[in-house]
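Note sheet for the following structure.
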Amino acid sequence: MGCSLFLQFLIVKQPDSLVFQSFSMRLAGYEPRVRFFAFLFACYSQAEHSVEDDIQFMQAALEEARAAAEAGEVPIGAVLVLDGKILARSNNRTIRDTDPTAHAEIVALREASKLIGNYRLSATTLYVTIEPCIMCAGAIIQARVPRIVYGADDPKGGAVRSCFEALSHPRLNHQPEVTPGILAEEAASILQSFFAARR
């Protein structure tokens, strides 16, 4: 009884928690005690990440987004971090590379994979200014990136929670941890300013 009440308290405190949503789907058939400890473990895992670090690396991704805007590309930036250091950084290059797959996330994953000599990017965190699309979500799953941090939601094509929930599908064998909303207003503002200038 006490366990159930405490779990309800935690859910109220984190109503939009993707961690809870993901765990609750995967553990729906288990008894409340198992779900409770799984949720606590997920919260503990998230607590290992510093908000200050997330902001710092998201600022680097925002710099990439601004660079994309200056090049006439849709301003989305990404950085891939390993052991507290930026392993790869990129921005949208679809126009410059004449490549529909050259989204910021894909370019960063390609660069990092070449650097380490492995397409499996375990122990990394991917920071991206806008919620990844379905293509990028698929690449994230294939690369086994364990954690995604993004800025603003993309209501027209986001594949984390806005249009699709690709990263938390219960049948997938890899479901990364997701932290949304880091410097979301700034990320959205860069995108809005870019499109406003072209109207």
| request: Return the total of residues in region 97-122 being touching a residue at least 12 places away in the same chain (Cβ under 8 Å), assigned to a loop (DSSP other than H, G, I, E, B) and either open to solvent by 70 Å² or more (accessible area, probe 1.4 Å) or of a type outside the set (A, V, I, L, M, F, W, C) (or both). | output: 5
| field | Any chance P132 is within 15 Å of A65 (Cβ to Cβ) and within 11 Å of the chain's Cα centre (by Cα) | value | yes
| said: Looking only at residues that are touching a helix residue (DSSP H, G or I) at 6+ places or on another chain (Cβ under 8 Å) and aromatic (F, W, Y) in region 160-197, which one is nearest to R144 (Cα to Cα)? | reply: F164
| query | Among (1) open to solvent by 20 Å² or more (accessible area, probe 1.4 Å); (2) modelled with pLDDT of 95 or more; (3) assigned to a helix (DSSP H, G or I); (4) among the hydrophobic types (A, V, I, L, M, F, W, C), which single condition is A187 missing? | reply | (1)
| note | Selection over region 123-138 where residues are in a helix (DSSP H, G or I) and more than 24 Å from P155 (Cβ to Cβ) yields a count of 0
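Every residue, every condition in (1) touching a Lys or Arg at 6+ places or on another chain (Cβ under 9 Å); (2) of a type outside the set (D, E); (3) in a strand (DSSP E or B); (4) open to solvent by less than 30 Å² (accessible area, probe 1.4 Å), yes or no:
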position: D154; (1), (2), (3), (4): no, no, no, no
position: G157; (1), (2), (3), (4): no, yes, no, yes
position: L167; (1), (2), (3), (4): yes, yes, no, yes
position: L172; (1), (2), (3), (4): no, yes, no, no
position: S193; (1), (2), (3), (4): no, yes, no, no
position: R198; (1), (2), (3), (4): no, yes, no, no
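The values are calculated or read from the model by the stated rules, or taken from the named source; none is laboratory data. The model shown is predicted, which means the values in this text are computed figures rather than measured ones. As a convention, Cβ positions derive from the backbone with ideal geometry for all residues, glycine included, and neighbour counts pool all protein chains shown. Just so you know, the surface numbers come from the protein's heavy atoms only, side chains and all, with ligands and any DNA or RNA stripped out. Shrake-Rupley method; radii C 1.70, N 1.55, O 1.52, S 1.80 Å.
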